[in-house]
Amino acid sequence: MGILKQTAISVLSGGPVYLALRTYALRKNPTLILCYHTLGPDNEIMDAWTVARASQFRQHIRFLRQHFKIVGLDQALNPEYKEDKPRAVLTFDDGDIGLFTHLLPIIEAKGLPVTLYVATEQIETGKAYWFDRIMNALQAPGETEVTIEFSGHRSWTVGPETGPERWAIISDILETLKQVSPERREELTQSILEQVKTQRTDFTKLEPLSRAQLKELAINPNVVIGCHSHCHNLLDQIPLDQAEESIRKSRSLLQSWTGQSIEHFAYPNGNHSPALHQIVRQAGFTSATILGQTLCQPSQDNVFALPRVLVGRYDSLKRLRLRFIGY
């Protein structure tokens with residue numbers, strides 16, 4: 001991040017400037033829906049934006065409770081539910097094991113309402129999705145040279161730097177693979193894994209929840225389980241009949257595994273379309289979330305495309321203070 005940008009964030013995120021921005025942004029009592037992915041240990045090096053440190057998350061909760069009322073998604077969507085503070089909703093995507101090992105103890109200790117959007121294929125098979133397997137592999141020490149065939153050849157050098165520098169390269173690889181078909185993506189993933197010669201073992205890998213862990217999470221009264229598709233493909237890039245099958249299969253499996261009605265959906269990667277909105281509605285869901293990085297005014301007009309604000313490992317609290325009010 002450049003010096004000018006850092007300075008601007010520091011100025012805008014504190015003092016009277018921030019108070020003025022906050023007052024204006026929250027004047028209509030909007031809802032802030034946050035999108036996390038998973039939590040990890042504080043003492044491990046893990047260069048993945050999707051893995052927020054548990055201590056980071058606790059810090060976020062302290063800040064949010066000063067300025068927002070943290071509520072469940074159903075409360076946020078209920079037009080008759082009134083609060084004297086703007087509402088904040090905590091959501092987590094995918095279904096990583098960190099939700100059980102790190103998030104659940106915080107939920108239990110703090111009575112924290114959360115919605116977990118779970119993608120089911122990785123739980124059914126026990127095999128992590130392609131993006132998590134790549135992130136795990138590219139934690140390798142030193143330098144790793146990665147080359148794939150994509151519009152010719154694309155090559156990257158991952159490492160030896162750690163932190164945001166390494167993540168920027170990993171992220172570029174992931175975004176490149178999102179542009180190809182699911183079948184080709186799996187081939188390229190396998191090619192990348194084969195190019196990694198040395199594996200790190202001193203960190204907690206991204207891996208799916210087990211069914212038993214999912215069920216224990218679902219039992220907690222502060223946890224709502226939502227659906228995140230079965231395949232976790234970008235649903236607007238595959239045939240609609242395949243997207244519908246993935247959505248319906250995921251909901252059926254989650255209801256079977258948890259014994260609960262599954263009412264809420266999140267589009268993988270936030271990719272959505274009017275046709276997908278209709279499929280989700282017809283499948284029996286009552287809401288669906290996208291990304292969008294804006295505050296939300298839930299209504300019947302946007303209930304199947306509710307915007308969320310992404311939160312990740314490399315977001316400073318100063319930056320989040322602004323993002324939490326839509327800047």
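The values are calculated or read from the model by the stated rules, or taken from the named source; none is laboratory data. Because the structure is a prediction, the values reported are computed rather than measured. All Cβ positions, glycine included, derive from the backbone under ideal geometry; neighbour counts span all protein chains shown.
Which numbered condition in (1) part of a loop (DSSP other than H, G, I, E, B); (2) in contact with a Phe, Trp or Tyr (Cβ under 6 Å, 6 or more places away or on another chain) is the only one that Gly326 fails?
(2)
Taking segment 247-273 on its own, how many of its residues are polar (S, T, N, Q) and part of a loop (DSSP other than H, G, I, E, B)? I'd like the intermediate steps shown before the answer.
Filtering segment 247-273 down to residues polar (S, T, N, Q) leaves 250, 252, 255-256, 258, 260-261, 269, 271, 273.
Imposing the further condition that a residue be part of a loop (DSSP other than H, G, I, E, B) reduces the set to 260-261, 271, 273.
Matching residues across segment 247-273 total 4.
Between Leu217, Leu234, Leu253, which is in contact (Cβ under 8 Å) with a residue 60 or more places away in the chain, more than 26 Å from Val71 (Cβ to Cβ) and not assigned by TED's automatic domain parsing to the domain that holds Asn136?
Of the residues listed, the single one that is in contact (Cβ under 8 Å) with a residue 60 or more places away in the chain, more than 26 Å from Val71 (Cβ to Cβ) and not assigned by TED's automatic domain parsing to the domain that holds Asn136 is Leu253.
Looking at Leu276, Leu254, Leu291, Leu240, which one is hydrophobic (A, V, I, L, M, F, W, C) and closer than 23 Å to Arg87 by Cβ? Spell out how you get there, then give the answer.
On the way: Leu276 fails: closer than 23 Å to Arg87 by Cβ; Leu254 fails: closer than 23 Å to Arg87 by Cβ; Leu240 fails: closer than 23 Å to Arg87 by Cβ.
Selected residue: Leu291, the only one of Leu276, Leu254, Leu291, Leu240 that is hydrophobic (A, V, I, L, M, F, W, C) and closer than 23 Å to Arg87 by Cβ.
All but one of (1) over 20 Å from Pro208 (Cβ atoms); (2) among the aromatic types (Phe, Trp, Tyr); (3) free of Cβ contacts under 8 Å to residues at least 60 places away in the same chain hold for Phe63, so report the exception by its number.
(3)
Is there a residue being within 24 Å of Lys28 (Cβ to Cβ), at pLDDT 95 or above and surrounded by fewer than 18 Cβ atoms within 10 Å (Cβ to Cβ) anywhere in segment 227-236?
The initial filter retains those residues of segment 227-236 that are within 24 Å of Lys28 (Cβ to Cβ), namely none.
No, segment 227-236 contains no residue that is within 24 Å of Lys28 (Cβ to Cβ), at pLDDT 95 or above and surrounded by fewer than 18 Cβ atoms within 10 Å (Cβ to Cβ).
Looking at the structure I just gave you, is Arg319 in a helix (DSSP H, G or I) and of a type in the set (D, E, K, R)?
Working: in a helix (DSSP H, G or I): yes; of a type in the set (D, E, K, R): yes.
Spelling it out, Arg319 is indeed in a helix (DSSP H, G or I) and of a type in the set (D, E, K, R).
Here are some residues: Ser299, Ser256. Which one is modelled with pLDDT under 95, of a type outside the set (Asp, Glu) and more than 22 Å from Gln179 (Cβ to Cβ)? Let's see the steps before the verdict.
Details: Ser256 fails: modelled with pLDDT under 95.
None of the others qualify; the one that does is Ser299.
Arg53: surrounded by fewer than 18 Cβ atoms within 10 Å (Cβ to Cβ), among the charged types (D, E, K, R) and without any contact (Cβ under 8 Å) to a residue 60 or more places away in the chain, yes or no?
Working: surrounded by fewer than 18 Cβ atoms within 10 Å (Cβ to Cβ): yes; among the charged types (D, E, K, R): yes; without any contact (Cβ under 8 Å) to a residue 60 or more places away in the chain: no.
In short, no.
State the number of residues belonging to segment 173-205 that are within 20 Å of the chain's Cα centre (by Cα), among the charged types (D, E, K, R) and closer than 19 Å to Pro141 by Cα.
1
Does Val146 qualify as being of a type in the set (Val, Ile, Thr), over 30 Å from Lys215 (Cα atoms) and touching a Phe, Trp or Tyr at 6+ places or on another chain (Cβ under 6 Å)? Explain how you work it out, then say what you get.
Details: of a type in the set (Val, Ile, Thr): yes; over 30 Å from Lys215 (Cα atoms): yes; touching a Phe, Trp or Tyr at 6+ places or on another chain (Cβ under 6 Å): yes.
The answer is yes for Val146.
Out of the residues in segment 59-72 that are not in a strand (DSSP E or B) and not hydrophobic (A, V, I, L, M, F, W, C), which is nearest to Gln122 (Cα to Cα)?
In the first step, residues of segment 59-72 are kept if they are not in a strand (DSSP E or B); the result is 59-68, 71-72.
Adding the requirement that they be not hydrophobic (A, V, I, L, M, F, W, C) leaves 59-60, 62, 65-67, 72.
Working: Gln59: 30, His60: 29, Arg62: 33, Arg65: 34, Gln66: 37, His67: 37, Gly72: 26 Å.
Residue satisfying both the conditions and the ranking: Gly72.
Inside segment 274-294, can you point out the residues that are in a loop (DSSP other than H, G, I, E, B) and either touching a residue at least 40 places away in the same chain (Cβ under 8 Å) or surrounded by 15 or more Cβ atoms within 10 Å (Cβ to Cβ) (or both)? Give the derivation first.
Of all residues in segment 274-294, those in a loop (DSSP other than H, G, I, E, B) come to 283-286, 293-294.
Matches in segment 274-294: Ala283, Phe285, Thr286, Thr294.
Six or more apart or on different chains, Cβ under 7 Å: which pairs go from a residue in segment 149-165 that's aliphatic (A, V, I, L, M) to one that's surrounded by 13 or more Cβ atoms within 10 Å (Cβ to Cβ) and in a strand (DSSP E or B)? Could you list them?
Val158/Thr144; Val158/Val146
Does segment 22-45 hold any residues that are in a loop (DSSP other than H, G, I, E, B) and buried (at least 21 other Cβ atoms within 10 Å of the Cβ), and which are they?
Looking only at segment 22-45, we keep the residues that are in a loop (DSSP other than H, G, I, E, B), and these are 26-30, 37, 41-45.
His37, the sole residue that qualifies.
Would you call Ala218 of a type in the set (Gly, Ala, Ser) and crowded, with 16+ Cβ neighbours inside 10 Å? Don't jump to the end; show me each part of the working.
Values: of a type in the set (Gly, Ala, Ser): yes; crowded, with 16+ Cβ neighbours inside 10 Å: yes.
Yes: the conditions hold for Ala218.
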